[in-house]
Amino acid sequence: MSPEPTTPFPAPHAAYLAEVDARQAAATDGDWGVYDQGTLVEVVAGLQETGTGYRCTRQIARLDEEPIDNIAAHADWDAERDYQQLLNDATFMAHARTDIPRLLAIITERQQRLEELAEKAGEFRVPLTNTLGGYGELIVERGPGPFDHLWAVTDGAQREKRFWHVGAAGAGWYYLSDTGPSFAYKHDLTAALALAEEVAALEGARLDKEIAAVHASQAGDHRAEDGVR
């Protein structure tokens, strides 16, 4: 089976990021700037200072010097602080015109890099995030045969391999021999790696709990031995 068509964005967020991309593409083109008149702030496209004012290709928004502000934490703001927030908000709006396309490009570049890695690699190892000693890891592995374009999070066992599944009954380990590969290998690489990070945190916490219990038991045994002596 040939791989499914890819999108520029990671599968778990592809629909949302495509909507973001459509919104930014539909917005007024060109660099946006902030014109501060001292009493109000304007966000405009194609800002050009003239010395006596400004020219622009299009006015995007005008922010009033006394906006409605019902945020309790702002109750003690004076007019200067409130106006500074107006400038901060306008700057955010203006930079969004170039920030969003650049962020989308970064996400797309990262996705392309992951797809290139996926073509070359059969598995990725993700260490458990435990802190009390010991070492464990999960394996993000490519599916066999017709599932070779999909990935699963497994324990890496050679026999009686288990995979992590999130379903209606909750999340946990399932034996591959009980379900077959179609139930396990169902993620694209981005989603599988993200899932592996979540599972590594859960399994790391479980491992730490087990190690802490062993330490506590050993400490209890030592105290008991000291009491006998």
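When the residues of segment 132-151 are filtered to those that are within 18 Å of Asp188 (Cα to Cα) and among the acidic types (Asp, Glu), which remaining residue is modelled with the highest pLDDT?
So, considering only residues that are within 18 Å of Asp188 (Cα to Cα) and among the acidic types (Asp, Glu), the one modelled with the highest pLDDT is Glu141.
Residues that are among the β-branched types (Val, Ile, Thr) and under 29 Å from the mean Cα position of the chain (by Cα): does segment 58-68 have at least one?
No, the conditions are met nowhere in segment 58-68.
Among the residues of segment 96-119, write down those that are surrounded by 16 or more Cβ atoms within 10 Å (Cβ to Cβ), at pLDDT 85 or above and either more than 17 Å from the chain's Cα centre (by Cα) or not β-branched (Val, Ile, Thr) (or both).
Across segment 96-119, the qualifying residues are Arg97, Leu104.
Take segment 123-142 and flag every residue that is closer than 17 Å to Ala194 by Cα and surrounded by 15 or more Cβ atoms within 10 Å (Cβ to Cβ).
Phe124, Val126, Leu128, Thr129, Leu138, Ile139, Val140, Glu141, Arg142
Give segment 41-64 a look and list any residue that's without any contact (Cβ under 8 Å) to a residue 12 or more places away in the chain and hydroxyl-bearing (Ser, Thr, Tyr), or say none.
Thr50, Thr52
Quick one: which residue in Thr154, Thr129 is of a type in the set (Val, Ile, Thr) and modelled with pLDDT under 90?
One residue alone meets the criteria, Thr129.
Mind checking which residues of segment 40-53 are within 40 Å of the chain's Cα centre (by Cα) and closer than 27 Å to Arg81 by Cβ?
Within segment 40-53, Leu40, Val41, Glu42, Val43, Val44, Leu47, Glu49 qualify.
What number of residues in segment 17-31 are in contact with a helix residue (DSSP H, G or I) (Cβ under 7 Å, 6 or more places away or on another chain) and closer than 12 Å to Arg97 by Cα?
Looking only at segment 17-31, we keep the residues that are in contact with a helix residue (DSSP H, G or I) (Cβ under 7 Å, 6 or more places away or on another chain), and these are 17, 20-21, 24, 27, 31.
Add one more test, that the residue is closer than 12 Å to Arg97 by Cα, and what stays is 20-21, 24, 27, 31.
Summing the residues that are in contact with a helix residue (DSSP H, G or I) (Cβ under 7 Å, 6 or more places away or on another chain) and closer than 12 Å to Arg97 by Cα in segment 17-31 gives 5.
What's the number of the only condition in (1) exposed (fewer than 14 other Cβ atoms within 10 Å of the Cβ); (2) of a type in the set (D, E, K, R); (3) closer than 30 Å to Gln24 by Cα; (4) not assigned by TED's automatic domain parsing to the domain that holds Gln24 that Asp188 fails to meet?
Single failed check for Asp188: (1).
The values are calculated or read from the model by the stated rules, or taken from the named source; none is laboratory data. Not measured: the values here are computed from a predicted model. With ideal geometry, Cβ positions are generated from the backbone for all residues, glycine too; neighbour counts draw on all protein chains shown.
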